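Notes follow once the structure below has been shown.
The values are calculated or read from the model by the stated rules, or taken from the named source; none is laboratory data. Predicted, not measured: the structure shown is a model, and the values here were computed from it. Ideal geometry is used to build each Cβ from the backbone, glycine not excepted, and the neighbour counts take in all protein chains shown. Only protein heavy atoms, including side chains, enter the accessible area calculation; ligands, DNA and RNA are left aside. Shrake-Rupley method; radii C 1.70, N 1.55, O 1.52, S 1.80 Å.
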Amino acid sequence: MKVLIFTHHYLDDNSGGSFASRAYINAFTEIADLAMVMYPDRGIPIVDFIHTKCILKGVKYERSNIGKVIDYYRGRIHRYTDIMVTQIEEFNPDIVVFDNSRTSAGMLEMIKKPGLKIITIHHNYELEYYKGTKPFIAWRIPFLHYVKEAERIAVQCSDLSLTLTDEDKSLLQIHYDPKKTKNIVRLGCFESVPDSTLAKKGNVKVNHTLTKDLCFVITGTLGSYQTEVSVLPFLENEYPELLKVFPGSKLVIAGRNPSLKMINACANYPSIKLISNPENMQEIIEQADVYICPTCVGGGLKLRIMDGLKAGLPVLTHAVSARGYDEFDKANCMFVYENKASFILSLNALITQLKQGNLNSDRIKNLYNSVFLFESGVRRLRDILNQNEIK
């Protein structure tokens, strides 16, 4: 089986989308006899991130900013328009994988031919995602138009569509007519490499118990629109409720490039410690007792929650960020809210579990490994391909 993958994510990046893309590329490479990925090349080596079996072919986007804007208005929302057909003819794959429907814009129907299977990985329902990550206003309208059109064609014309969550699957079916949609299957997400990124057992904290000086932690890109519209209202509305229950607690907010708004909001609370651009985020998370994810916009899977679960922490999260983590909700180590009233209820549920000593770190890590292990993801992908007779 020969697989050719097109992605628009920078594979050297530290974002959630890039993490997921690396996982999918490596999983397809693990299963395939031969795999090649076409990726955005910005001059940073990616060999350390991608499976050694995978052929790497970087593509530079050498257009001026004005040229890129003109491209968006013409419907050229990825860098592969002029080379995709040639690359497919040269590599002669059995399967073409579009890592995100945007990467297939204007091309999917053109490349369809007998014997070639097309798989699209939908990282989210695009219009929901871009409500929380707004494109630059100069090209927002044409960009969103062509993104939506690419997603519609991908859902209706791909031989298989893969999603990260059941919610994304439902949104795609609802918005693009379930009678016309092809096979849509939830794959979920998982670690991008085997073994080395397993949730390690035996941390200092084995059981998370109720104490007056609990440490809560929030992480993310602290200057992004998505983070600002989520964390700032949380600090104003829900966080005071948490302080009423845990007046001696500490909240650590750590991440890249905090905005001035974020810095000022954190300064209002002596109990908040803001850590800008930490060298080792996982070490900071592992020192906490509870992971909080207040992100209330966007779509897909919020991969930052994986960092909390990997550390064996219980998670207090907004419902939008709980998507794709059903197993942890059922296991009573994830506590979900939608507003201030339900936040108080979820906080009380968390307190109950802490009092009873039910939040065992190793139990959370075991569940994490069973769901997010690279090998688990490869096994799910292989089963899905076999069930859909894609070989």
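Some points to look at:
- Theoretical FRET efficiency, 1/(1+(r/R0)^6), r = Cβ-Cβ of Asn358 and Ser170, R0 30 Å, to 0.05: 0.45
- Additional length obtainable on full extension of the chain from Glu327 to Ile83, 0.36 nm per residue less Cα span: 83.6 nm
- Evaluated at q = 0.23, 0.25 Å⁻¹, the base-10 log of the normalised Debye intensity for segment 305-386, with identical point scatterers placed on the Cα atoms, takes the values -1.08, -1.20.
- A straight Cα-to-Cα reach below 20 Å connects Lys113 with the aspartates and glutamates Asp82, Glu89, Glu90, Asp94, Asp99, Glu151, Asp159, Glu389, residues fewer than 8 places away in its own chain not being considered.
- Taking each DSSP H run with n ≥ 4 as -39500 (n - 2.57) and averaging over every residue of the chain yields -12000 deg cm²/dmol at 222 nm.
- When all alpha carbon pairs of segment 15-171 are counted in 10 Å bins from zero, the resulting P(r) reads 10, 38, 40, 12, 0 %.
- Relative to the globular-protein estimate of 2.2 N^0.38 Å, the Cα radius of gyration of the chain stands at 1.01.
- Greater than 26 Å apart at Cα, pairs in Lys182/Lys365; Lys179/Lys330; Lys112/Lys182: Lys182/Lys365; Lys179/Lys330
- The convex hull built on the alpha-carbon positions of segment 210-298 has an orientation-averaged projected area of 5.5 nm².
- Percent antiparallel among DSSP beta bridges (both partners in the chain, rounded to 5): 5 percent
- Given the chain, longest segment not containing exposed loop GluC sites (Glu not before Pro) (DSSP; at most 15 other Cβ within 10 Å): 63-278
- For the chain, accessible area per residue (1.4 Å probe, heavy atoms of protein chains only), Å²: 44 Å²
- Take the Cβ atoms of Glu236 and Phe136, set R0 to 30 Å, and the FRET efficiency comes out at 0.60.
- Of the DSSP H helices in the chain, those whose Cα atoms cover at least 24 Å axially and whose Kyte score averages -0.5 or more: 140-157
- Values of log10 I(q)/I(0), in the order q = 0.16, 0.19 Å⁻¹, for segment 260-334 under a Debye, Cα-only, solvent-free model: -0.67, -0.91
- With R₀ fixed at 35 Å, the C-beta to C-beta distance from Ile66 to Asp94 puts the FRET efficiency at about 0.30.
- Dividing the Cα radius of gyration of segment 242-391 by its Kirkwood radius returns 1.01 for Rg/Rh.
- Sulfur and carbon atoms: percent of accessible area, the chain [1.4 Å]: 51 percent
- Highest-MSF residue in the chain out of Pro194, Pro114, Pro178 [GNM, Cα springs under 10 Å]: Pro114
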